[in-house]
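For reference, the structure is listed below as structure tokens.
The values are calculated or read from the model by the stated rules, or taken from the named source; none is laboratory data. No experiment lies behind these values; they were computed from the predicted model shown. Cβ placement follows ideal geometry from the backbone for every residue including glycine, while neighbour counts extend to all protein chains displayed. The accessibility values were calculated without ligands, DNA or RNA, using every heavy atom of the protein model including side chains. Shrake-Rupley method; radii C 1.70, N 1.55, O 1.52, S 1.80 Å.
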Amino acid sequence: MTKLEVISKVSFKEVITSVEIVDFTGKGKANPVVSTLNGDVIVYEIEQDGSGQANEIGRVSGLPPLAAMGIGDVIGNGTPDFVIGGLDNILRVLVNMDGELSVKATTPLGSLPSAVAVLNVLSDDRSEVVVATTDGHLRCYGWYDVVLDKLADKMLERPIFSIQPLNSRGLPYSRFVFGDDSGYLFVYQYADDRLHERAKISVGGEVSLVATGDMTQDGNSEVLTVTDGRNLSLLGIVKGALEKHDSVRAPKAVTSVRIGKFWDNGNGQIISSHSNSTITVLGFVGNRIIEDTSIKTSRKSTESHIAIGDVDGNSRPELVQAVGTELYLIEVLDE
């Protein structure tokens, strides 16, 4: 059985609006990336002495508050870039050049961005950007010289708030998934200067979050949907079609979720973070979702965010959770 233990806490003056994990320095160690309500994007490095101390190694300040963020190598220089959609309806690309983070390009969107994903849809060395806006547009951008160039634009019937890549064995590019308030999960693909719907399945209820990852270790992504705030459904691709494996109901609203094989404990894990700060680890055994362990980090909370990676360089994954103005570093222990 897995056990979770808080090993350190970092306090901020402003509310943390998102947390991600990325190898910012290229040293093979994950770095927490947080955005704040004040318009900051900050990258940290965690000390390897076991203290959990966080040292700031990159920052961009004075930005409009973030609505959505994606991370990946957009400009093709081998280092991660940060693509952020702001409340000013502008998409910005923050570039890491020699450890310095700065705004490289800006793209007006005309409406509020609701979801941003950085993924490879062209099977080349660069990642592309897929962004949804509240007016129903779904756009795909690629990097051209010094700007984001629009590759495709599709008008959807409803706005969406979460986009994730869908990786399939044998395909050198990613499709992507999202859901909306109609209760459907959609699979889309970029091809021939258009965004094409490839599949859809009813999951019931408004889809607020999606997550993808290889739970069964067969080279294909599974998909997790969060509907009506608390219902978690795991789906897989069976004989080329989406099929539901199992579903469970969370005790509190789910505000952040990750899926994948983060440590050796059966097939894979679903990590969900809830509105009351509780983190729950779910396993997948015999096509059934089984609860493994949980931990509650804060006495008062209305929203929390979670990311996973080896942030202290001990070759084991840690959880990084943002709750209000606090950032928690959580160790994973096997009993």
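In table form, for the structure just shown:
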{"read-out": "Tabulated pairs, segment 123-134, first without any contact (Cβ under 8 Å) to a residue 12 or more places away in the chain and surrounded by 23 or more Cβ atoms within 10 Å (Cβ to Cβ), second of a type in the set (Ser, Thr, Tyr) and assigned to a loop (DSSP other than H, G, I, E, B), C-beta under 6 angstrom, 6+ apart or interchain", "value": "none"}
{"read-out": "Segment 140-162: number of residues that are open to solvent by less than 30 Å² (accessible area, probe 1.4 Å) and farther than 27 Å from Val254 by Cβ", "value": "6"}
{"read-out": "Strands (runs of 3 or more DSSP E) fully within segment 209-313 counting 3 or more residues that are open to solvent by 40 Å² or more (accessible area, probe 1.4 Å) and free of Cβ contacts under 8 Å to residues at least 60 places away in the same chain", "value": "241-249, 288-296"}
{"read-out": "Any pair with Cβ under 7 angstrom, 6 or more apart, that starts in segment 170-189 at a residue that is at positive phi and ends at one that is open to solvent by 60 Å² or more (accessible area, probe 1.4 Å) and in a strand (DSSP E or B)", "value": "Gly183/Ser202"}
{"read-out": "Qualifying residue in segment 86-100 (condition: under 18 Å from Lys27 (Cα atoms), more than 17 Å from the chain's Cα centre (by Cα) and hydrophobic (A, V, I, L, M, F, W, C))", "value": "yes"}
{"read-out": "Among (1) crowded, with 23+ Cβ neighbours inside 10 Å; (2) under 17 Å from the mean Cα position of the chain (by Cα) - the single one Pro165 does not satisfy", "value": "(1)"}
{"read-out": "Residue in segment 63-77 that is nearest to Asn38 (Cα to Cα), counting only those that are touching a Gly at 6+ places or on another chain (Cβ under 6 Å) and open to solvent by 40 Å² or more (accessible area, probe 1.4 Å)", "value": "Pro65"}
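Listed here are the residues, each with its yes/no results for (1) at negative phi; (2) open to solvent by 40 Å² or more (accessible area, probe 1.4 Å).
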{"site": "Ile7", "(1), (2)": "yes, yes"}
{"site": "Phe12", "(1), (2)": "yes, no"}
{"site": "Gly26", "(1), (2)": "no, yes"}
{"site": "Lys29", "(1), (2)": "yes, no"}
{"site": "Ile42", "(1), (2)": "yes, no"}
{"site": "Gln53", "(1), (2)": "yes, yes"}
{"site": "Val95", "(1), (2)": "yes, no"}
{"site": "Glu100", "(1), (2)": "yes, yes"}
{"site": "Lys104", "(1), (2)": "yes, yes"}
